[in-house]
Amino acid sequence: MKNSKLATTAVRAGINTDEHHGAVIPAIHLSSTYALKGFNDKRQFDYSRTGNPTRATFAQAIADLEGGAVGIVTSTGMSSVHLICQLLTTDDLVVIPHDCYGGSYRLFTHLAKRGLFKLLVVDQNNQEALSNALAQRPKLVLVETPSNPLMRIVDIADVVKQSHDVDALVAVDNTFLSPILQQPLSLGADIVFHSTTKFINGHSDVVGGVLVTKEQSLGEELAWWANCIGITGSAFDSYLALRGLKTLPIRMKQHQENADVVAEFLRKHPAVERVYYPGFKDHSGYEIAKKQQAAFGSMMSFEVKGGVEAVKILFDNLSLFTLAQSLGGVESLISHPSTMTHAGMEITAQIEAGISQSLVRISVGIEDYQDIIADLEQGLNASQK
Ligand code: PLP
């Protein structure tokens, strides 16, 4: 639904589209293939790798929420990132942030090592480093904001302007906020992508990705590649993610309410050295986050006093939080970036990105906030004994 408010678009996606039975919720189409009407007379869909009605409904919903022209649903978040790489040739330069998701870092660095393109890993908050990188006229600039796991904020509109001045495409990983809290295309980005595994599906039972382009022609090019290399998402995952999408706006509200209280709690706890949360006025990215985001998100990380030993004791003493990677589900998760989400980064790169052994990341769920805090409190108290 174009031009409706975000919550309406999310809830109404695909509703009332069944002309055969009047099913309110769009049916799931599991068929791998579709009959032609006759010789050389195809219907809209012919083979599910290329196109599938359930996947198309989900793709359109995300494209509408992000305000883009074409949505492409992929098998995982990483396959959305990999899909973008299909735009590159051996002479092209790519600029990625030094503190991006470990899996993205691993993919770009390893493809670059094989000579598929050239790569610069840059702290995008360091204006001199960014200007130097852009002066080399990259083809693609990848942005991830808030960044994983330190919640650094990058000014999307500013990076887009500088990148477009040198004709670079800008792709933004919007996984941490979802289109409900941030819409990079409206800030000028060319591509926005998500791991739908996270907030968009929201129930930790799908691994998936989605990519939306601002322009039709770029979207068609990428959709061609998605079919060509066979990384389109399954109908079942699309069905589940579309189901999850309907409660995304209301989930984000509750995630946010809980996160604000949890961040304040952590900041005051004596076992916590430092909290990384863009909603704090003294966070270096606060003003930009306020400008480009609808709220601050429910991801945060913190350093525990006592190093990795204290982190282990904290984890052993939690009962509500689950020690698991991933994020954005209704349930609260806790992780140790260095040995989990960012294990794909060499230790030197982790140190460069500010990821220490005492750093813990949490994805604040939508349980009652008092239970979340009580759990953290007893875990943190135990960690200091
Ligand atoms: N981008 C971010 C910010 C992520 O956190 C992740 C996964 O954790 C990905 C991309 C990759 O997504 P997936 O695990 O669905 O392949």
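Condition first: more than 16 Å from the ligand (Cβ to nearest atom) and in contact with a helix residue (DSSP H, G or I) (Cβ under 9 Å, 6 or more places away or on another chain). Now tell me which residues in the stretch 100-120 satisfy that.
Listed by number, the residues that qualify are Leu116, Phe117, Lys118, Leu119, Leu120.
Need at least 3 residues that are within 16 Å of the ligand (Cβ to nearest atom) and in contact with a Lys or Arg (Cβ under 6 Å, 6 or more places away or on another chain) per element, so show me which helices (runs of 4 or more DSSP H) inside the stretch 251-369 make the cut, counting only ones lying wholly within it.
In the stretch 251-369, there are no helices (runs of 4 or more DSSP H) which contain 3 or more residues that are within 16 Å of the ligand (Cβ to nearest atom) and in contact with a Lys or Arg (Cβ under 6 Å, 6 or more places away or on another chain).
Condition check: farther than 30 Å from Gly230 by Cα and of a type outside the set (Val, Ile, Thr). Does Leu150 satisfy that?
For Leu150, the condition - farther than 30 Å from Gly230 by Cα and of a type outside the set (Val, Ile, Thr) - is met.
Would you check which residues across the stretch 75-97 are in contact with an Asp or Glu (Cβ under 9 Å, 6 or more places away or on another chain) and under 16 Å from Pro138 (Cα atoms) and list them?
Gln86, Leu87, Ile96, Pro97
Which numbered condition trips up Gly285, out of (1) crowded, with 18+ Cβ neighbours inside 10 Å; (2) more than 29 Å from Ile72 (Cα to Cα); (3) free of Cβ contacts under 8 Å to residues at least 60 places away in the same chain?
Exception for Gly285: condition (3).
Under 6 Å between Cβ atoms, at least 6 apart or on separate chains: pull out the pairs that start in the stretch 334-358 with a residue that is at positive phi and end on any residue that is modelled with pLDDT of 90 or more.
Final answer for the pair search is Gly354/Leu150.
Are any residues in the stretch 90-103 surrounded by fewer than 23 Cβ atoms within 10 Å (Cβ to Cβ) and not in a loop (DSSP other than H, G, I, E, B), and if so, which ones?
Residues satisfying the conditions are Leu93, Gly103.
Criterion first (more than 12 Å from the ligand (Cβ to nearest atom) and modelled with pLDDT under 95) does Leu140 satisfy it?
No; evaluated as a whole, the condition is false for this residue.
Pairs please, first residue from the stretch 81-104 and within 16 Å of Leu120 (Cβ to Cβ) and at pLDDT below 95, second anywhere and of a type in the set (Lys, Arg) and within 14 Å of the ligand (Cβ to nearest atom), Cβ atoms under 9 Å, 6+ apart in sequence or on different chains.
Listed pairs, sorted by first residue: Asp99/Arg152.
Give the stretch 59-75 a look and list any residue that's surrounded by 23 or more Cβ atoms within 10 Å (Cβ to Cβ) and outside any helix (DSSP H, G or I), or say none.
Gly68, Gly71, Ile72, Val73, Thr74
Identify all residues within the stretch 197-232 that are of a type in the set (A, V, I, L, M) and within 16 Å of the ligand (Cβ to nearest atom); write none if there are none.
Ile200, Val206, Val207, Val210, Leu211, Val212, Ala226, Ile229, Ile231 - these are the residues of the stretch 197-232 that are of a type in the set (A, V, I, L, M) and within 16 Å of the ligand (Cβ to nearest atom).
Take the stretch 20-31 and flag every residue that is farther than 14 Å from Ser238 by Cα and either of a type in the set (S, T, N, Q) or exposed (fewer than 13 other Cβ atoms within 10 Å of the Cβ) (or both).
Selection gives His20, His21, Gly22, Val24.
Consider Pro179 carefully, then state whether it is within 16 Å of the ligand (Cβ to nearest atom) and part of a loop (DSSP other than H, G, I, E, B).
When the stated conditions are applied, Pro179 does not pass them.
Could you please find all residues in the stretch 144-159 being among the acidic types (Asp, Glu), touching a residue at least 12 places away in the same chain (Cβ under 8 Å) and more than 16 Å from the ligand (Cβ to nearest atom)?
Of everything in the stretch 144-159, just one residue is among the acidic types (Asp, Glu), touching a residue at least 12 places away in the same chain (Cβ under 8 Å) and more than 16 Å from the ligand (Cβ to nearest atom), namely Asp155.
Does Phe236 count as assigned by TED's automatic domain parsing to the domain that holds Ala59, farther than 24 Å from Asp92 by Cβ and away from the ligand (no atom under 11 Å from the Cβ)?
For Phe236, the condition - assigned by TED's automatic domain parsing to the domain that holds Ala59, farther than 24 Å from Asp92 by Cβ and away from the ligand (no atom under 11 Å from the Cβ) - is met.
Hey, among the residues in the stretch 160-176 that are among the acidic types (Asp, Glu) and either assigned to a loop (DSSP other than H, G, I, E, B) or within 14 Å of the ligand (Cβ to nearest atom) (or both), which one's farthest from the chain's Cα centre (by Cα)?
Asp167
Do you know which of the residues in the stretch 182-193 that are in contact with a helix residue (DSSP H, G or I) (Cβ under 8 Å, 6 or more places away or on another chain) and more than 16 Å from the ligand (Cβ to nearest atom) is nearest to Thr213 (Cα to Cα)?
Asp190
Residues Ala56, Ala35: which one is out of contact with any helix residue (DSSP H, G or I) (no Cβ under 8 Å at 6 or more places or on another chain), surrounded by fewer than 21 Cβ atoms within 10 Å (Cβ to Cβ), free of Cβ contacts under 8 Å to residues at least 24 places away in the same chain and farther than 23 Å from Gln183 by Cβ?
Ala35
The values are calculated or read from the model by the stated rules, or taken from the named source; none is laboratory data. The shown structure was predicted, so the numbers you read here are calculated from the model rather than taken from an experiment. All Cβ positions, glycine included, derive from the backbone under ideal geometry; neighbour counts span all protein chains shown.
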